[in-house]
1. Return the loop-located trypsin sites (Lys or Arg not before Pro) in segment 79-134 (DSSP other than H, G, I, E, B) with at most 15 other Cβ atoms within 10 Å of their own Cβ; answer none if there are none.
2. Would you tell me the accessible area of TRP125, worked out with a 1.4 angstrom probe on the heavy atoms of the protein chains, in Å² to the nearest 10?
3. List the residues of segment 161-200 whose backbone N lies under 20 Å from a point placed 7 Å from the Cα of PHE138 along the Cα-to-Cβ direction.
4. Ordering THR170, THR15, THR86 from largest to smallest accessible area (1.4 angstrom probe), what's the sequence?
5. Tell me, in nm to one decimal, what length is gained between ARG17 and TRP125 on full extension, where the rule is 0.36 nm per residue of separation less the Cα-Cα distance?
6. So what is log10(I(q)/I(0)) for segment 167-219 at q = 0.18, 0.23, 0.30, 0.32 1/Å, when the Debye sum runs over its Cα atoms only?
Amino acid sequence: MTAAARIRVPPAPLTRRAMPVREALEWAFGTECARLDHDEIKAVGGTGWRPFGMEYVALERAQLGTRVDTSRGRSRPHDDAELIATVVRNVLPWYAATRVADLARAGRTPDWMPDARPHCVPVKWRPSPAGPRAAQDFGDTWRYRAGRGRNGNKLVELRAPCCPVTYYPTAGQIASARRAWLDWYGYLLEVRCALEAAGLRSLRLTDDMPPMTPWKNSS
């Protein structure tokens, strides 16, 4: 019997903690402080950090004759947290993986601009005793003939005062924010499907997801 065959792999827990994918990501990146591989050159060249299954990790630990402390104040994250980070890094493009990890680490979601509506607002403001007022500017030059009789052919130019306005937020800004939310929702779906087949030992992912279009349900 080989040494590898004599090594006993720790059994999986009898009960696994149920978590939605968003909560699992926040646990992995926020609580357990799991990290992504940031060495893009090594990752692309095939010489960098590689993901391994939990069986391989258990075999390596058994050969060392010790186990890394995974209690609070430990030196490395939980095995499932590292596996989640591995899946995020390999399933998503790099920009999407960092976006998902950063939001999970902060316990936040993308800002889809709730209740946002384009409003007509002045371009500039000016102070006044009664409070801020819209700053005036001069618009187009108007020409007209003034006077009668002998002065009737006198041409007068007048620049009419106006208040330049704009719309904020614009419809494009609102659409971009909600497109970013839909992208994030799609990333979570990809990660959840991959994690279901990844063999998490302590966690069990549920089908619960954030709302796909929360702006349709807002009042």
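The values are calculated or read from the model by the stated rules, or taken from the named source; none is laboratory data. Just so you know, these numbers come straight off a predicted model, no measurement behind them. Note: ideal-geometry Cβ built from the backbone for every residue, glycine included; neighbour counts use all protein chains shown. Please note that ligands, DNA and RNA were not included when accessible areas were found on the heavy atoms of the full protein model with its side chains. Shrake-Rupley method; radii C 1.70, N 1.55, O 1.52, S 1.80 Å.
1. Numbers: sites: ARG89, ARG99, ARG105, ARG108, LYS124, ARG133; in loops: ARG108, LYS124.
Of the trypsin sites (Lys or Arg not before Pro), the ones in loops of segment 79-134 whose Cβ has at most 15 other Cβ atoms within 10 Å are ARG108, LYS124.
2. Rounded to the nearest 10, the figure is 150 Å².
3. 161-165
4. Values: THR170 55, THR15 115, THR86 15 Å².
I get THR15, THR170, THR86, largest accessible area first.
5. Details: separation 108, 0.36 × 108 = 38.88 nm, distance 5.52 nm.
Stretched fully, the ARG17-TRP125 segment lengthens by 33.4 nm.
6. Once normalised to I(0) and log-transformed, intensities are -0.71, -0.92, -1.17, -1.22.
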